[in-house]
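Let me begin by presenting the structure, written as structure tokens, before commenting on it.
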Amino acid sequence: MNDQFDSPSFEEEQLEYKADLIDLLENRLHGIASEERNYAIEILTEVFLRVPKGDSETLIDRRNVQFIIPLNSTAAPFFINPMLVDNRPEFGGMIPLWIISLRPDLIKQPRDEFTYTIAHELAHAFLEHVGHYPEGTSMADTELDVNP
């Protein structure tokens, strides 16, 4: 038997990984519909494919990253899929959840800007940066540390 034909090729593995990513990301993007949603999934998938696989798994499994692109900038309820909430004793029964909220007009910006913004916000989630800044520093100062 020839192993060359039994094991999937690198390209087949990549296609399978991409399909798995798309399935995962479709359940992690909230607040947007139709063609814009498909475009956002395409960009998210593109960014995740550029991230090392182990780091992608950290973002998806350990940080439980979710994305919100509100339809508009008004207040609205946010519903979490109950399948995401399970009893995890290591977190006292709570599931950690990183929510990346993207401005509604981002989807209409140039592809490079949309891609950069996704990658930038994922870096914050991966590094566990939160919105608290040491006294005497600002978000801009902190961003310089991340983006020299």
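No lab work stands behind these numbers, since they all come straight from the coordinates. Not measured: the values here are computed from a predicted model.
Under a 5 Å amide H cut-off, with hydrogens placed 1.01 Å from N, Ile100 pairs with Gln66, Phe67, Ile68 among residues at least 5 apart or on other chains. Legend: translational diffusion of the stretch 5-54 by Stokes-Einstein, Rh = Kirkwood radius over C-alpha pairs, 37 °C, 0.692 mPa s; D = 275 µm²/s.
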